Amino acid sequence: MTHRWLTRALVAVAVPALLVPAVASSATAAPKPPAVPSLDAVVKIYPHLDGWSADVTRDSKIRMPEKSCERGDVIKGATGREAMYMPDFEHMEDADDLEITGQEPMVSVMAQVFPSARVASQYLGAVLTEGEDCEEAEGDVVQMKKIRFKLGSERWGFQMRMGSKKEPLIANALFIRAGAKVVGVTSMSLTGKTAPSIPKTIALARLALKTARS
């Protein structure tokens, strides 16, 4: 199993080009997307984020994850919001000296709403198996282990090590379904020396779920 969706998402977070906010498509037919936690709320879990920025974008065109290596269809009536909590590189004096470590990770939150709980459950299951039958992997997963936690009606989580074995990218990724809403959070270290805290990642997931429900 390659878990292409996860590896693609985690690699994308590390790409500097994504520091430029995405252009959201029209959402006139979609419901209001769930809220994501404010930077101030996230700082209470990750104090090192104080002085960072929250890059929030709206995703008004959510597709069902790939099946049989083909692009999924747009899910009508589904919408979401994503937030990346990251250093304010534009105003940093020396960004080259910045280290994203397990103790001070980069974090992100995704909150989505679907037409029904059934569709949300189908989406969450499809995310877990996306691209598993495809020959080409989107990332080199060195190691993956499950993270067990109790939130929502359905959930799954992994700690992933990607890239070279000497200096892997290490990330925790948790996904939860509560009714028709799906929430996902990641915490990521780019140094490979230490892994992000699992309890803090779960705390972030709990905050994200509470915020999305509000």
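So for 177, 161, fewest C-beta neighbours within 10 Å to most, what's the order?
On the way: 177 23, 161 19.
Least crowded to most crowded, the residues run 161, 177.
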Query - Cβ-based net charge around residue 121, under 14 Å, with every Lys or Arg adding one and every Asp or Glu removing one - result: +3
Query raised in the report: Can you put 187, 214 in order, fewest other beta carbons within 10 Å first?
Result: 214, 187
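Taking every pair of distinct Cα atoms and averaging 1/r, then inverting, what Kirkwood hydrodynamic radius in Å comes out for segment 169-214? Could the numbers behind the result be given before it?
Working: mean 1/r = 0.0893 Å⁻¹.
After inverting the mean inverse Cα-Cα distance, the result is 11.2 Å.
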**Report entry** Entries in 146/210; 76/146; 44/193; 76/145 that, when Cα-Cα distance is taken, lie over 28 Å
**Finding:** 76/146; 76/145
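We did not get these values from a lab; they are worked out from the coordinates using the rules stated. Just so it is clear, the model here is predicted, and its values are computed rather than measured. Neighbour counts are summed over all protein chains in view; Cβ atoms, including those assigned to glycine, are modelled from backbone coordinates with ideal geometry.
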